[in-house]
Amino acid sequence: MNINYVAFDDILILGIIPGFEDADWPNRWKRLTELFPEHRLVFSRSIILLLHSLFGKINMVWPMIVANICWTACAFIFYKAFRYLRISLWYFVPIMWLWFSIQSFENIFWGVSSLCNFGVLLFVLSSLYFATHHPKKHYIAILFAVLATFTYGNGLMVFPVIGLIAWLMGRKKDFVITVLVTGIIAVIYFIDFTPITQNLDFSNPQQVKEGFLGYFGFIGSIATISAYDAANSVLMTAVAAGFILIAALIYLFRKHWILLWNAAWGKTPFTNPGALFSLGIAAFVAITTLALVYKRIPTDTFEGMFKGRYRMYSALWCIALYFGLLSLTSRPSLRFSIVAIVPFVIFLNLIILHSNFALAVNNRRMAIVQEFNARYNADWLGVKMFSMDQARFEKIRAYYNSEDPLAEGWNPRLATDSIPCPKIYEPDTVKKDGSYIVVNFEKDFFPAEKNYSDGAYVILKSAGHTYASAQTQYPVPLKTTIRRFMYFNKGAYVNFHSATVEPGFYRIYLLVRKNGKNTIYCTNKTWKEE
């Protein structure tokens, strides 16, 4: 699944390499902390620089590997916290099945997103772990909070959480130190801070409504199963699940709210590390959700709260809830609960895998065609969107030097609309559907044999432009998977957004990549884009 191709976010991060070694230290820091769009991605950029300095180039699989190590290390933090409960290892099983879910496949298979999202969670969880389980080493919790802050913007949110934990544990000195460090880090973070996105407008009833629903939907998004399902009924299911997950946490702590209240007023310290770890994770997710709603609703609307790379926060809330259950429930009740919980989380993970694996495959093929289109069309929307010319794009691309598989065996830059093709393969559908040009081949399978660059691609070729789009594959129903041991449905469903296709006359070709080799078919179809 991991492939050496990029999204344009990766291109901007790779832009740290040119000229960095020749810059003085103030300019190096400035470049490391340059906003993206409102995050300070020091960790991600540092990893890119380290890999480049070690190997003289970048393979985009490498940062994905580093990020997935961070993902795995988060599980190690969970295990370290779990050990303090002194219960059977079987109780740790649900945490693993909840955490290692492909629902967040954008983070698993996307260089920059993976470094940012898995990096910040590793540092946040480490900070919470030391704050709750090693309070005498609170300075380590602060150090990890600083690392989280300069990994992704929401990492700054862990400071108030570990400060609150220190206060509840009766460690007033640690609380004061945390507040002071928070102030210093906030000043550094917000120097030269120029937001580029809108904020939620509280005078706009529609935005307020979407923000309210989006808050609960974000926390309950694991209930949608599929990472991208825009059906309103499914999204509203996530909203209901968010209400339930929050209510479940409140109910779980029902016998301890008075103790927490007394601790908040400085009467009696609250020193249950497992419960505090649970509350710390939930508080971080709650604050992150609030910040995301405030920043993303105006541009992404309610549906934008359900992006694939956000889904791990819903799983994180479930893990927080589970840690609360382990820390606050009697052993007989736990033994009864685990009988139902283990099969449920295993089933949930496998259903999520079935629903999202095809999406992950489609996502990585999109990265291949995105780079292809950017290479062979200087005015392509992706390049223009990031104010980048072709020379800059090729300079950055030289650092990771992908294989460009769709260009093997022919020259996409030829100033002609004709491509040599030995056979004819006619599509079942060629039409305009809203803003999309649709070309479908509905009768055959196009299996991947070597890797997931294999598959069907449609080429639009004119004298001045060469565009590619990858097939979209769908999973068969779960019962069909179980009964026939198959996963992908028949057919290749391909579309081009008309905004990415310049006006002109195009011939349509089918490129089938099989076992790492390309075969281009004529379709006898053409398209005129007005």
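The values are calculated or read from the model by the stated rules, or taken from the named source; none is laboratory data. Quantities reported herein were computed from a predicted structural model and do not represent experimental measurements. So basically every Cβ, Gly included, is an ideal-geometry build from the backbone, and we count neighbours across all protein chains shown. SASA here: full protein model, heavy atoms, side chains in, ligands and nucleic acids out. Shrake-Rupley method; radii C 1.70, N 1.55, O 1.52, S 1.80 Å.
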Only listed residue being without any contact (Cβ under 8 Å) to a residue 24 or more places away in the chain, more than 30 Å from I47 (Cα to Cα), open to solvent by 70 Å² or more (accessible area, probe 1.4 Å) and aromatic (F, W, Y), chosen from F190, F175, F202: F202
Filter result for G153 (within 30 Å of R31 (Cβ to Cβ), within 22 Å of the chain's Cα centre (by Cα), buried (at least 20 other Cβ atoms within 10 Å of the Cβ) and touching a residue at least 24 places away in the same chain (Cβ under 8 Å)): yes
Test result for K450, touching a Cys at 6+ places or on another chain (Cβ under 8 Å), open to solvent by 70 Å² or more (accessible area, probe 1.4 Å) and touching a residue at least 12 places away in the same chain (Cβ under 8 Å): no
Options F123, F118; residue that is open to solvent by less than 10 Å² (accessible area, probe 1.4 Å) and part of a helix (DSSP H, G or I): F118
Selection from segment 339-348 of residues that are in contact with a helix residue (DSSP H, G or I) (Cβ under 6 Å, 6 or more places away or on another chain) and surrounded by fewer than 20 Cβ atoms within 10 Å (Cβ to Cβ): I341, V342, I346
Any hit, segment 291-307, residues being closer than 23 Å to E38 by Cβ and modelled with pLDDT of 95 or more: no
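So, of the residues in segment 455-486 that are without any contact (Cβ under 8 Å) to a residue 24 or more places away in the chain, aliphatic (A, V, I, L, M) and open to solvent by 30 Å² or more (accessible area, probe 1.4 Å), which turns out to be farthest from W527 (Cα to Cα)?
Filtering segment 455-486 for residues that are without any contact (Cβ under 8 Å) to a residue 24 or more places away in the chain, aliphatic (A, V, I, L, M) and open to solvent by 30 Å² or more (accessible area, probe 1.4 Å), the one farthest from W527 (Cα to Cα) comes out as I482.
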Conditions (1) under 30 Å from V345 (Cα atoms); (2) buried (at least 18 other Cβ atoms within 10 Å of the Cβ); (3) in contact with a Ser or Thr (Cβ under 7 Å, 6 or more places away or on another chain); number of the one not met by V234: (2)
When residues of segment 1-19 are limited to those that are open to solvent by 20 Å² or more (accessible area, probe 1.4 Å) and of a type in the set (A, V, I, L, M), the one modelled with the highest pLDDT: L12
So S355, is it at pLDDT below 90, part of a helix (DSSP H, G or I) and surrounded by fewer than 23 Cβ atoms within 10 Å (Cβ to Cβ): no
Number of the exception - A247 against (1) modelled with pLDDT of 95 or more; (2) surrounded by 12 or more Cβ atoms within 10 Å (Cβ to Cβ): (2)
Test result for T132, touching a residue at least 60 places away in the same chain (Cβ under 8 Å) and outside any helix (DSSP H, G or I): no
Which numbered condition L260 fails, given (1) open to solvent by 20 Å² or more (accessible area, probe 1.4 Å); (2) hydrophobic (A, V, I, L, M, F, W, C); (3) out of contact with any Gly (no Cβ under 9 Å at 6 or more places or on another chain): (1)
Whichever residue in segment 20-29 is open to solvent by 40 Å² or more (accessible area, probe 1.4 Å) and in a loop (DSSP other than H, G, I, E, B) and, among such residues, is modelled with the highest pLDDT: D24
Selection from segment 53-78 of residues that are out of contact with any helix residue (DSSP H, G or I) (no Cβ under 6 Å at 6 or more places or on another chain) and open to solvent by less than 40 Å² (accessible area, probe 1.4 Å): V61, N68
Identity of the residue in segment 362-421, among the acidic types (D, E) and more than 12 Å from F8 (Cβ to Cβ), that ends up surrounded by the most Cβ atoms within 10 Å (Cβ to Cβ): D417
Residue check, F105 open to solvent by less than 20 Å² (accessible area, probe 1.4 Å), assigned to a helix (DSSP H, G or I) and within 19 Å of F277 (Cα to Cα): no
Long-range neighbours under 8 Å by Cβ, at least six apart or interchain, first residue touching a residue at least 24 places away in the same chain (Cβ under 8 Å) within segment 405-426, second surrounded by 17 or more Cβ atoms within 10 Å (Cβ to Cβ) and of a type in the set (G, A, S): P405/S453; L406/A468; D417/S462
